[in-house]
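A quick write-up on the structure given underneath.
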Amino acid sequence: MKTDSRKKEFFGIWLLLLGFLAAAVTVLVLCYTFSARLPDNVGRELTDSEEQEVIERNSGLIDYIYLSPNADFPRNDEIRKLTIHHMAGDLSLEGLGETFSHRDRRASANYAIDSSGRVALYVEEDNRAWTSGSRENDNQAVTIEVANDEMGGDWHVSDEAYDTLIMLCTDICSRNGITKVCFTGNEEGNLTLHKMFSSETECPGPYLESRMADIASAVNRQLTENREKQRDAKLKSLRK
Ligand SMILES: [Zn+2]
């Protein structure tokens with residue numbers, strides 16, 4: 001009898017150990033698979049030449065880069081929309097980058113603009129940022145967070161941030177073949193808002209929301225001017 005219970009005890013311990021081993025292996029495999037899916041340039045400081053390559057693939061207006069792990073690599077749809085958000089704060093680009101570095105926050109944006117008009121990139125345009133509470137929208141949109149220079153109220157943004165926003169939107173459209181920006185007030189247009197996808201947010205706040213039609217016409221004016229300039233330059237070179 002004694003030998004039998006010892007045998008059972010021995011068998012039980014081995015079973016327990018095997019269970020632990022299997023659990024540990026599973027966790028390791030999951031960790032490896034999870035991290036293997038992240039590109040190498042995510043979540044760390046980049047070298048000067050790496051930064052240059054990133055800028056060449058994205059906007060020439062970028063002043064600061066921190067690539068967040070909170071994204072889908074790559075996006076699964078074509079870029080055809082812009083979604084403008086507000087930070088609900090006057091954060092520095094570095095501070096927002098720090099927020100987006102935490103995986104448990106599950107938040108990011110492609111770009112951000114601070115109150116002095118500096119531009120940050122957190123998620124390359126080829127990848128889907130986790131910004132608007134809509135997988136479908138964020139797979140089609142380049143998302144931009146804009147700093148506020150007023151806390152609460154209308155959540156105003158500085159003129160510098162606003163002017164840079166027009167430049168950045170124009171640049172994104174030009175490089176991604178968006179010929180016209182259209183704000184319809186709902187998700188049918190190609191200028192969308194966070195609040196269209198979530199009833200829990202007022203993002204981008206009353207000020208930016210009231211300027212959406214102005215933003216669309218300013219970007220469209222700039223896109224037309226750029227196209228005319230290009231056409232004139234082409235005609236000039238053909239006449240030479
Ligand atoms: Zn938002």
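Key figures for this structure:
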{"quantity": "Most mobile of Ser174, Ser49, Ser116 in a GNM of the chain (Cα contacts under 10 Å)", "calculated": "Ser49"}
{"quantity": "Cβ charges +1 (Lys, Arg) and -1 (Asp, Glu), total dipole of the chain, debye", "calculated": "1220 debye"}
{"quantity": "Around Asp72: net Lys/Arg minus Asp/Glu count, Cβ-Cβ under 9 Å", "calculated": "+2"}
{"quantity": "Gained length - Glu51 relative to Asp214, 0.36 nm times residue gap less alpha-carbon distance", "calculated": "55.4 nm"}
{"quantity": "Whole-number percent relative contact order across the chain, with pairs defined as alpha carbons under 8 Å at least 6 apart", "calculated": "18 percent"}
{"quantity": "Among Asn70, Asn148, Asn176: highest mean-square fluctuation, GNM of the chain, C-alpha pairs under 10 Å", "calculated": "Asn176"}
{"quantity": "FRET efficiency for Ser237 and Arg135, using Cβ-Cβ distance with R0 set to 45 Å, rounded to 0.05", "calculated": "0.50"}
{"quantity": "For region 102-240: lysine pairs under 27 Å (alpha-carbon distance), excluding those fewer than 8 apart on one chain", "calculated": "5"}
{"quantity": "Listed residues Leu18, Leu191, Leu121, most fluctuating in the chain (Gaussian network, C-alpha, under 10 Å)", "calculated": "Leu18"}
{"quantity": "Residues Glu200 and Thr26, FRET efficiency given R0 of 30 Å [Cβ-Cβ distance, rounded to 0.05]", "calculated": "0.30"}
{"quantity": "Pairs of alpha carbons in the chain whose separation is greater than 28 Å (percent)", "calculated": "41 percent"}
{"quantity": "Extension gain, Leu15 back to Leu38 (0.36 nm per residue minus Cα-Cα distance, nm)", "calculated": "4.8 nm"}
{"quantity": "Mean separation of Cα contacts under 8 Å, 6 or more apart, over the residue count of region 182-240: relative contact order %", "calculated": "21 percent"}
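Just so you know, all these numbers are worked out from the coordinates, no wet-lab data involved. No experiment lies behind these values; they were computed from the predicted model shown. Cβ atoms come from the backbone with ideal geometry, glycine included; neighbour counts cover every protein chain shown.
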